[in-house]
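Each remark here refers to the structure printed beneath this line.
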Amino acid sequence: QVVALARALGHALPKPMTEDEINAAGYEGERGYHGTPSGIDNTAATFGGVLKFQRTDGAPIFTKKKLPEPIRIVYASTGITSSTTKVVGDVRAKKEENPEWFDGLMEKYVDLVERGEKALDDGDVNTLGKLLDENHALCQELTVSCEELDTLVDAARSAGALGAKMSGTGRGGLMLALTPTEEIQDKVAEALGKIAPQVWKTTFA
């Protein structure tokens, strides 16, 4: 929404804006709502496609990925809106309370991301699905998942998804499932549609 608003204002004023300027404006909008956003949402909305994104102390680093095989995804909503500011604050407090636990979790996460990028580059959707499951388990350990998300994730796996995980802030919001074919994508979407208020299908190619 903030990226769309930045584009609309650029046309209305009129004020020509580069994609980087639109992305920067979108990030400011995210800051106003979330407090300390990663920047990934506005970046993905600005540039589209599949991105490798890394937050830094300065400007984030991101590159667009070229996929050798289509990636079929089903998204489902819990219908719950959580506060990013509160969730981030809770995680920060847990990090400060037990830095060794948090560092260990981050080591697992970095390793998982590296394996996930290789699976994407290789078009290995089976491995990618397993890594989505691993990621969700890490999110559970980080205490940012919730019963509603876990229920949707389990339902997607039972319906044939190669893997599934929560997405975004957590404790509500969305989950996603990776499916190998259009037929299974439809089957997973149908299963999730029975228990989720909103379901979407998309394909990255």
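The values are calculated or read from the model by the stated rules, or taken from the named source; none is laboratory data. Just so you know, these numbers come straight off a predicted model, no measurement behind them. Here the Cβ is made from the backbone with ideal geometry for all residues, glycine too, and neighbour counts use every protein chain on show. Accessible surface areas use protein heavy atoms only, side chains included; no ligands, DNA or RNA. Shrake-Rupley method; radii C 1.70, N 1.55, O 1.52, S 1.80 Å.
For the structure I just gave you, tell me whether THR43 is of a type in the set (Ser, Thr, Tyr) and more than 30 Å from ILE195 (Cβ to Cβ). So THR43 passes the test.
Can you tell me how many residues within the range 163-205 are among the aliphatic types (A, V, I, L, M) and under 17 Å from the mean Cα position of the chain (by Cα)?
Residues meeting the conditions: 8.
Residues of the range 154-202 that are open to solvent by 70 Å² or more (accessible area, probe 1.4 Å) and either farther than 17 Å from THR78 by Cα or among the polar types (S, T, N, Q) (or both): SER158, GLU182, GLU183, ASP186, LYS187, GLN198. Inside the range 19-40, residues that are out of contact with any helix residue (DSSP H, G or I) (no Cβ under 9 Å at 6 or more places or on another chain) and at pLDDT 90 or above make up a count of 0. Residues in the range 136-153 that are farther than 13 Å from ALA76 by Cα and touching a residue at least 40 places away in the same chain (Cβ under 8 Å): LEU142, THR143, VAL144, CYS146. Could you please find all residues in the range 114-132 being under 28 Å from ALA196 (Cα atoms) and loosely packed, with under 13 Cβ neighbours inside 10 Å? The one that is under 28 Å from ALA196 (Cα atoms) and loosely packed, with under 13 Cβ neighbours inside 10 Å: ASN126. Taking the range 70-100 as the range and being open to solvent by 60 Å² or more (accessible area, probe 1.4 Å) and farther than 20 Å from SER167 by Cβ as the test, the residues that pass are ARG92, LYS94, LYS95, GLU96, GLU97, ASN98, PRO99, GLU100. For the range 16-38, the set of residues classified as within 14 Å of SER83 (Cα to Cα) and surrounded by fewer than 16 Cβ atoms within 10 Å (Cβ to Cβ) consists of ARG31, GLY32, TYR33, GLY35, THR36, listed by residue number. In the condition set (1) within 22 Å of LEU131 (Cβ to Cβ); (2) in contact with a Lys or Arg (Cβ under 8 Å, 6 or more places away or on another chain), ALA156 is compliant with all but (2). Checking each residue in the range 39-69 for being in a loop (DSSP other than H, G, I, E, B), among the basic types (Lys, Arg) and either in contact (Cβ under 8 Å) with a residue 12 or more places away in the chain or open to solvent by less than 80 Å² (accessible area, probe 1.4 Å) (or both) picks out only ARG55. Cβ-Cβ contacts under 7 Å between residues 6 or more apart (or on different chains), taken from a first residue in the range 76-104 that is touching a residue at least 40 places away in the same chain (Cβ under 8 Å) to a second residue that is in a helix (DSSP H, G or I) and open to solvent by 60 Å² or more (accessible area, probe 1.4 Å), are listed as THR78/GLU148; ILE80/GLU148.
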